Amino acid sequence: MIPRKIQSYFKTTCQKMDGENTLIEGMLTCCNSHEFEVQIAGDIKRDLFSGMHLQPINEKIVVDACCKKCGKTISVFDSDLDGYEKSETKCDKFILAKPFVCKRCIDNTFSVEIKYEYPDYQELIDLGTTEIDNAFTWIWITLKCNQCGKRYCNFVNFETT
């Protein structure tokens, strides 16, 4: 149940049931590597307790990852297109994606960990959901700097319902 657009780049590390929901965790992989430049659209917020995280601008968040080996850009998450309830109206304003760099060492090479929460499979079928693989209700994205090891836990923590 991973979104079709990243299935071939997603290596599952854990899958478990949490009540009626399924949690699927994994790593983004391309060219047998976990080295990506990350492009983001959103507002970076810093919090004393939860660290740094990405907040929507005009209700929109985008995370793209570009493989450092082959240059392929992978759309990891776009709040207008991905998730249980996609936005009915697209954002009127174009939001320019910008590169994310590590605040500790200023490097731009990251590993990308993704966790999805999916509702009960039968519920999705009963609701007539056509894109079950893209019908996740929550996404968490953690970035790890490959240079210094700094982790940006739950950099994206976004509910799609």
Practice task
Using the structure shown, decide if D43 is without any contact (Cβ under 8 Å) to a residue 60 or more places away in the chain, within 25 Å of Q147 (Cβ to Cβ) and open to solvent by 40 Å² or more (accessible area, probe 1.4 Å).
Solution key: yes
Exercise for the section: Output yes when any residue across segment 134-155 is modelled with pLDDT of 90 or more, touching a helix residue (DSSP H, G or I) at 6+ places or on another chain (Cβ under 9 Å) and aromatic (F, W, Y), and no when none is. Expected result: no
Completion exercise
Restricted to segment 7-40 and to residues being over 16 Å from E117 (Cβ atoms) and outside any strand (DSSP E or B), the residue most open to solvent (accessible area, probe 1.4 Å) is N32
Completion exercise
By residue number, the members of segment 127-161 that are among the small types (G, A, S) and either within 16 Å of L81 (Cα to Cα) or surrounded by 20 or more Cβ atoms within 10 Å (Cβ to Cβ) (or both) are A135
Exercise for the section: Determine which single condition D120 fails, assuming it passes every other condition in (1) touching an Asp or Glu at 6+ places or on another chain (Cβ under 6 Å); (2) open to solvent by less than 40 Å² (accessible area, probe 1.4 Å); (3) more than 20 Å from S50 (Cα to Cα). Expected result: (2)
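The values are calculated or read from the model by the stated rules, or taken from the named source; none is laboratory data. Treat the numbers as computed from the prediction; the structure is a model and nothing was measured. Note that each Cβ is placed from the backbone with ideal geometry, even for glycine, and that neighbours are counted across all protein chains shown. Accessible surface is based on the protein model in full, side chains and every heavy atom, while ligands, DNA and RNA are left aside. Shrake-Rupley method; radii C 1.70, N 1.55, O 1.52, S 1.80 Å.
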